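Shown next, in structure tokens, is the structure this report addresses.
The values are calculated or read from the model by the stated rules, or taken from the named source; none is laboratory data. Keep in mind that what you see is a predicted model, and the values were worked out from it rather than measured. As a convention, Cβ positions derive from the backbone with ideal geometry for all residues, glycine included, and neighbour counts pool all protein chains shown.
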Amino acid sequence: MKDYQLAWKNIWRNKRRTLITAASVFFAVFFALVMRSFQLGAYDRLFKNVIESYSGYLQLQHIDYFDDPNLDNSFEINQALIDQIRKDPNVTDIVTRLESFALAAAGSHTQGVLVLGIDPPGENKVMNIRNKLVKYKITPDAIEKIKNEQVSDHTKKLLDLFKGEAYSGETRLMIDFGISDSDSAEILPLIRRYASFNNAFLTGKETNDVVIGDGLSEYLKANVGDTIVLMGQGYHGTTAAGRYKVKGIVKLSAPDIDNIIVYLPIESARELYAAPAMATSAVISLKSNDDDDILQTGNRLKNMVSDPMTIKTWQELNALMVNQMEADNRSGMIMIGVLYMVIAFGVFGTVLMMMAERRREFGMLVSIGMQKTKLAKVVSLEMLFIGLLGVAAGVAGSLPIVFYGHFHPLRFTGEFARMYEDYGFEPVMPTMLPDTFYLWQIVVVLIILVIAIIFSSRKIFRMNVINAMRA
Amino acid sequence: MAVVEINNVFKSYHDTEVEVKAINGVTLSFEKGDFAVIVGPSGSGKTTLLNLVGGLDQPTGGEILIAGHRLSELKPSELIDFRMDHVGFVFQSYNLIPVLTAAENVGFIMNLQKWPKEKRMTRTNELLTSVGLADRHKSRPSQLSGGQQQRIAVARALATHPEFILADEPTANLDSKSAESLLDIMEKLNHEEGMTFIFSTHDVRVMKRAHRVITLEDGKIVSDDVRK
Ligand SMILES: Nc1ncnc2c1ncn2[C@@H]1O[C@H](COP(=O)(O)OP(=O)(O)OP(=O)(O)O)[C@@H](O)[C@H]1O
Ligand SMILES: [Mg+2]
């Protein structure tokens, strides 16, 4: 009989205790994994939202621009540098932006806005703003028309609830309206018919067209086809002013941007601000957005650019968000830490009980000729078996939830969703697929097991056989 | 040559304020084939003496030799191997590993000594037959009576042909019928295999069966009667 066979038999001598101990490890691992998966998934989602709808993973900036985001801290960008950066193996594209503030006016409404001069074809690949074009809008007019058709009271209530809401796709729409496949046949065509939104994105060739956020359009009461006026300060103190036609409206998931954003082709922006060839940033998109790859790519690019230009990472660009996330992350880790402490005491209790119960047997085994190292090995294997049983069950149990949650993310609706949006979160909560955080749970359990093994082995090595058998 | 030689051995305990002289100058030897019993009042030092002879404990004075080896010269881990190779133990209780079958328990020391499977199984069968439990191969200790468990323990102790078997009050927890049958078996093994047995006991039945009775009192030998 091999040591592991004896160990395996031994763990079933007290079935209930083994199962309870393994179950506690299972619970801890399962809970920690699911919780981490949701937490990390939420961060990931948040970052992706902010990064992909705005900052990008790396940016080329004037060295002072981040601390003083002012048109005077812009830089001149030439094609040679752009080409050089594009050649980096991890860079897929680079798009320049000219960004500044202005006052927007439409009719009697005015609003401070963020003016973003972009390269529309390039931004479509990076930020994919075109995908955010409003497709359906639940206008009072549309509600009226849909209500005139034969729809249920429930749908009518929902229409009122989501009045004014804009949708850039049908997924979100279907969730808000609780449309399942069976009744989509009835309601979706009505929405398509009456709430469709006529919309277009910039091509880059326009000279007097802008695309604005849905929030801003609501505020200014400016619709597609309406005219808005932008006024502000240009490069080196010039006056900037221009009239533009609203060509399209986008719905961005982060409301603080949605409420103030104005897109226009970068050449228009340069003209508005009297800043030819200038850029305030150039967003660099990457093949691999793995933390290490981002860092390495950033370092390579830093060597290509010269003063006053510099490369900023998304962490630097979103420092506040990163800090908040880290604080939240720490509290999550502390919670899991406490959980594992409790589990560690449970495992330890089992070890103590087991050692006490089997004292005489251990004494007998060493008396008849079993080496203490061998005995310690058998007992260690027992603990490993119980621990790994729990870990395996925890991992296995978490996988369906984690995978399901990733591909069918939890989506908040109603007030909860609004609350999320107010904080700039998209109201979905996808889980994060297994990653290094899975390994960490296993490592933590292994550490607990190692401590238990050291403890029990020490007891075995210090055991006096005669005292053990007298007990 | 004597299987066991005990030369002027002392063992005292200082656990409490008073020093307890559990063994107080014992000189004694056992020959191959002995069927000896150590008797004496409670606290006279029987268990202590057997533990010393079995290498489970070290004397505070004097010397013990087993088959010519000085126990005091062995390091702790060597002593464990020495016990595995040279001494068979039968304790009063808790002899067996509860998760193993009777056959696995009998084979345990052969397994520690890494006997090949074939040889181990043959020997196990032979032993189970000779202790009258050939049909209980697969029984767990908890499915066996106290007497049957002790017989398995004897079979295990005997398996690897040790120099001698030590048994500290092996019948203490048995009814008289089981005790008699255990003694029958040990006597038979003593006859047939020439195995040396050294017991301690309070049990008159055991004393009657012994070929040699050594009486201890206050850690000293007061008599040593050879009957055969
Ligand atoms: N570990 C120990 N620490 C202290 N004193 C001990 C220890 N072991 C034995 N003694 C003492 O040594 C003496 C002999 O004890 P031992 O157990 O050898 O007697 P025994 O003859 O086996 O008695 P019994 O018939 O009751 O089993 C007793 O006085 C006992 O209290
Ligand atoms: Mg005793």
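Of the strands (runs of 3 or more DSSP E) lying entirely inside the range A:219-292, those carrying at least 3 residues that are more than 29 Å from the chain's Cα centre (by Cα) and among the basic types (Lys, Arg) are A:239-250. When residue B:209 is tested against (1) at pLDDT below 90; (2) of a type in the set (Lys, Arg); (3) farther than 26 Å from residue B:2 by Cβ, exactly one condition is not met: (3).
Taking the range A:282-333 as the search range and keeping residues that are hydroxyl-bearing (Ser, Thr, Tyr) and within 30 Å of residue A:37 (Cα to Cα), which one is surrounded by the most Cβ atoms within 10 Å (Cβ to Cβ)? Here the residue is A:297. Here is a check on your reading of the model: is residue B:109 closer than 24 Å to residue B:34 by Cβ, within 12 Å of another protein chain (Cβ to nearest Cβ) and free of Cβ contacts under 8 Å to residues at least 60 places away in the same chain? Here the answer is yes, as residue B:109 does meet what is asked. Residues of the range B:1-35 that are small (Gly, Ala, Ser) and more than 16 Å from ligand 2 (Cβ to nearest atom): B:2, B:12, B:25, B:29, B:33.
For the range B:186-209, the condition holds for at least one residue, the condition being that it is surrounded by 15 or more Cβ atoms within 10 Å (Cβ to Cβ) and touching a Lys or Arg at 6+ places or on another chain (Cβ under 6 Å). Check whether at least one residue in the range B:178-195 is under 27 Å from residue B:22 (Cβ atoms), within 16 Å of ligand 1 (Cβ to nearest atom) and away from chain A (no Cβ under 14 Å), and report yes or no. No.
Of the residues A:107, A:117, the single one that is surrounded by 13 or more Cβ atoms within 10 Å (Cβ to Cβ) and touching a residue at least 24 places away in the same chain (Cβ under 8 Å) is A:117. Of the strands (runs of 3 or more DSSP E) lying entirely inside the range B:175-228, those containing at least 3 residues that are within 16 Å of ligand 2 (Cβ to nearest atom) span B:196-200, B:212-217.
Of all residues in the range B:28-78, those being free of Cβ contacts under 8 Å to residues at least 12 places away in the same chain and more than 16 Å from ligand 1 (Cβ to nearest atom) number 6. Selection of the range B:12-35 for residues being closer than 17 Å to residue B:217 by Cβ, more than 14 Å from every other protein chain (Cβ to nearest Cβ) and not β-branched (Val, Ile, Thr) yields B:12, B:21, B:24, B:25, B:28.
When every residue of the range B:97-105 is checked against the conditions, at least one turns out to be within 9 Å of chain A (Cβ to nearest Cβ), under 27 Å from residue B:188 (Cα atoms), buried (at least 18 other Cβ atoms within 10 Å of the Cβ) and in contact (Cβ under 8 Å) with a residue 12 or more places away in the chain. Whether a residue is within 18 Å of the chain's Cα centre (by Cα) and not acidic (Asp, Glu) was assessed, and residue B:50 passes this test.
When residue B:166 is tested against (1) within 16 Å of ligand 2 (Cβ to nearest atom); (2) in contact with a Gly (Cβ under 7 Å, 6 or more places away or on another chain); (3) over 21 Å from residue B:111 (Cα atoms), exactly one condition is not met: (3). Among the residues of the range B:4-22, those identified as closer than 11 Å to residue B:48 by Cβ and more than 10 Å from ligand 1 (Cβ to nearest atom) are B:9, B:10.
For the range B:38-74, name all the residues that are more than 10 Å from chain A (Cβ to nearest Cβ), surrounded by 15 or more Cβ atoms within 10 Å (Cβ to Cβ), within 16 Å of ligand 2 (Cβ to nearest atom) and in a loop (DSSP other than H, G, I, E, B). Scanning the range B:38-74 gives B:40, B:44, B:45. Among the residues making up the range A:105-150, those that are part of a helix (DSSP H, G or I) and small (Gly, Ala, Ser) are A:122, A:142.
Restricting attention to the range B:164-193, the residues that are under 16 Å from residue B:129 (Cβ atoms) and acidic (Asp, Glu) total 3. Sub-9 Å Cβ pairs linking a first residue in the range A:151-166 that is outside any helix (DSSP H, G or I) to a second residue that is surrounded by 17 or more Cβ atoms within 10 Å (Cβ to Cβ) and aromatic (Phe, Trp, Tyr), at least 6 apart or interchain, are A:162/A:177; A:165/A:136; A:166/A:136; A:166/A:197, ordered by first then second residue. Can you tell which of A:397, A:405, A:363, A:369 is free of Cβ contacts under 8 Å to residues at least 24 places away in the same chain and either touching an Asp or Glu at 6+ places or on another chain (Cβ under 8 Å) or part of a helix (DSSP H, G or I) (or both)? A:369 is the lone residue from the list that is free of Cβ contacts under 8 Å to residues at least 24 places away in the same chain and either touching an Asp or Glu at 6+ places or on another chain (Cβ under 8 Å) or part of a helix (DSSP H, G or I) (or both). Is at least one residue of the range A:95-115 charged (D, E, K, R) and in contact with an Asp or Glu (Cβ under 7 Å, 6 or more places away or on another chain)? The answer is no, given that none of the residues of the range A:95-115 is charged (D, E, K, R) and in contact with an Asp or Glu (Cβ under 7 Å, 6 or more places away or on another chain). Would you call residue B:77 away from ligand 2 (no atom under 16 Å from the Cβ), in a strand (DSSP E or B) and among the hydroxyl-bearing types (Ser, Thr, Tyr)? Spelling it out, it is not the case that residue B:77 is away from ligand 2 (no atom under 16 Å from the Cβ), in a strand (DSSP E or B) and among the hydroxyl-bearing types (Ser, Thr, Tyr). Taking the conditions exactly as written (of a type outside the set (D, E, K, R) and within 16 Å of ligand 2 (Cβ to nearest atom)), does residue B:99 satisfy them or not? No: the conditions fail for residue B:99.
Could you check, for the range A:412-431, whether at least one of its residues is closer than 30 Å to residue A:388 by Cβ, surrounded by 17 or more Cβ atoms within 10 Å (Cβ to Cβ), hydroxyl-bearing (Ser, Thr, Tyr) and at pLDDT 70 or above? Yes: one or more hits.
Checked against (1) over 30 Å from residue B:118 (Cα atoms); (2) within 14 Å of chain B (Cβ to nearest Cβ), residue A:7 meets all criteria but (1). Among the residues of the range B:75-96, which ones are over 18 Å from residue B:50 (Cβ atoms) and crowded, with 20+ Cβ neighbours inside 10 Å? B:96, the sole residue that qualifies. Residue A:380 meets all of the listed conditions (1) surrounded by fewer than 22 Cβ atoms within 10 Å (Cβ to Cβ); (2) within 14 Å of chain B (Cβ to nearest Cβ) but one, namely (2).
In the range A:253-264, the residues that are among the small types (Gly, Ala, Ser) form Cβ pairs under 6 Å with partners that are in a loop (DSSP other than H, G, I, E, B) and buried (at least 20 other Cβ atoms within 10 Å of the Cβ), at six or more places apart or across chains, as follows: A:253/A:426.
If you check A:191, A:187, A:143 for being touching a helix residue (DSSP H, G or I) at 6+ places or on another chain (Cβ under 9 Å) and either of a type in the set (Ser, Thr, Tyr) or at pLDDT 85 or above (or both), only one passes: A:143.
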